[in-house]
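These notes concern the structure reproduced below.
The values are calculated or read from the model by the stated rules, or taken from the named source; none is laboratory data. In this text, all values refer to a predicted model and were calculated from it rather than measured experimentally. Glycine gets a Cβ as well: all are built from the backbone with ideal geometry, and neighbour counts include every protein chain shown. All accessible areas refer to the heavy atoms of the entire protein, side chains included, with ligands and DNA or RNA removed. Shrake-Rupley method; radii C 1.70, N 1.55, O 1.52, S 1.80 Å.
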Amino acid sequence: MKKALFIDRDGTLVREPADEQVDSFEKLSFVPGVFSSLRRIRQLTDYEFVMVSNQDGLGTSAFPEETFWPVHRFILDTLAGEDITFDAIYIDRHFPEDNAPTRKPGTAMLTRYMEGGYDMASSYVIGDRETDAQLARNLGCMSLILSDGMTWPEIARRVIGGERTAEVHRKTRETDVRVRLGLDGSGFCHVDTGLKFFDHMLEQLAHHGAMDVDIQVHGDLEVDEHHTVEDTALALGECLLRCLGDKCGIRRYGFVLPMDDCLCQVALDFGGRPWLVWNAGFMRERIGDVPTEMFFHFFKSLSDAAKMNLNVQAEGQNEHHKIEGIFKAFARAVRMAAERDFDHFVLPSSKGQL
């Protein structure tokens, strides 16, 4: 099915002046990053480009067409000169008080996209206002709203690479595990496994891996910790595998870090072949409320479910520092290996598949 980017004009493609009217060349300037980002999206994806814009008062004496159209044509011609063209353009001419169904966030102009033939769930509205986000909700698609943290280069990364999120619910007679993972997140973290030290370790994935992590576990801790740790690892590994998708453009390999008296190394390969080499010994039977024997089992289960090769080395005196360093190094390794190279957006394998 076809997919579309519904792109606002003023404030998104071109800067919006104080009077909110781009009606002269003196007021015209483009939003930073728009040319390279849209050109890259056009080159690397099959999205249709659809301009959807409210133009208040267009054609009235206050905002006559003869002042609007030359500027509008210059915008289109300039974008076209950078190989950025639009498959369709919809411009609404009503005032806000008209409350017309064609006016964003109304969808009357876009009914053909909602009538079938388009994958709206995979389409986006790109804009700069809440009305653009509301338009996306009304259309049943996603939204990307320009802000301090959402620049055009970031929009290009999201559109080209997709939203790398996943959720896995694993329920057995022993555990009920729900994991939500956002690989390109901001470090949001909500973890509750019933094991406080295990929670502390899993939190490192969010903080050092720049991932959004939500892990909720109800396990048979009255039996022991084994099922909780193992099933959490399996669900987390499956989430990670789903987030990576086709792995196109990822760096693939990834970290060595010191933590006080310890040196921890996690070498990682998202190559599709699970394997674990574990060189980390512990003198204590438990750290916090977690048996130290479960750390190997966690990473073994995680490696199997995520289909990744892990080589873990750690040395030092303090057992807490040692395992925390391993989790931090693993998070950094994931962050490094999952990073995508949009200038070389190909599968990182001479075999042709991972």
Residue-averaged [θ]222 nm for the chain, counting only DSSP H segments that reach four residues, each worth -39500 (n - 2.57): -10500 deg cm²/dmol
Lys, Arg +1 and Asp, Glu -1 on Cβ, resulting dipole of the range 76-200 about Cα centre, debye, nearest 20: 620
Listed residues Gly237, Leu310, Val50: farthest to the positive end of the dipole of the chain (Cβ charges): Leu310
Per-peptide average of other Cβ atoms within 10 Å, ordering 181-190, 125-134 highest first: 125-134, 181-190
Unsatisfied cross-links (Cα-Cα over 32 Å) in the set Lys27/Lys247; Lys322/Lys351; Lys2/Lys104; Lys3/Lys307; Lys247/Lys328; Lys2/Lys328: Lys27/Lys247; Lys322/Lys351; Lys2/Lys328
The range 155-229, accessible surface, carbon-and-sulfur percent (1.4 angstrom probe): 44
Debye, to nearest 20: dipole size of the range 140-182, +1 on Lys, Arg Cβ, -1 on Asp, Glu Cβ: 240
Theoretical gain in end-to-end length, Val223 to Glu48 [0.36 nm per residue, Cα-Cα removed]: 57.5 nm
Proximal charge balance of Arg170 [Cβ under 15 Å; K/R count +1, D/E count -1]: -4
Structure-derived semi-axes √(5λ) of the Cα gyration tensor in Å - corresponding label in [x] 35, 22, 21; [y] 52, 26, 19; [z] 49, 21, 18: [z]
Heavy-atom surface of the chain, accessible at 1.4 Å and reported per residue (Å²): 46
Leading residue at positive end of dipole, the range 125-183 (Cβ point charges), from Val179, Gly127, Leu139: Val179
Surface share of carbon and sulfur [accessible, 1.4 angstrom probe, percent] for the range 312-351: 41
For the chain, size of Cβ-based charge dipole, Lys and Arg +1, Asp and Glu -1, in debye: 1120
Packing-based ranking, highest mean first, of 221-232, 294-305, 321-332, 79-90 given that Cβ atoms within 10 Å are counted: 321-332, 294-305, 221-232, 79-90
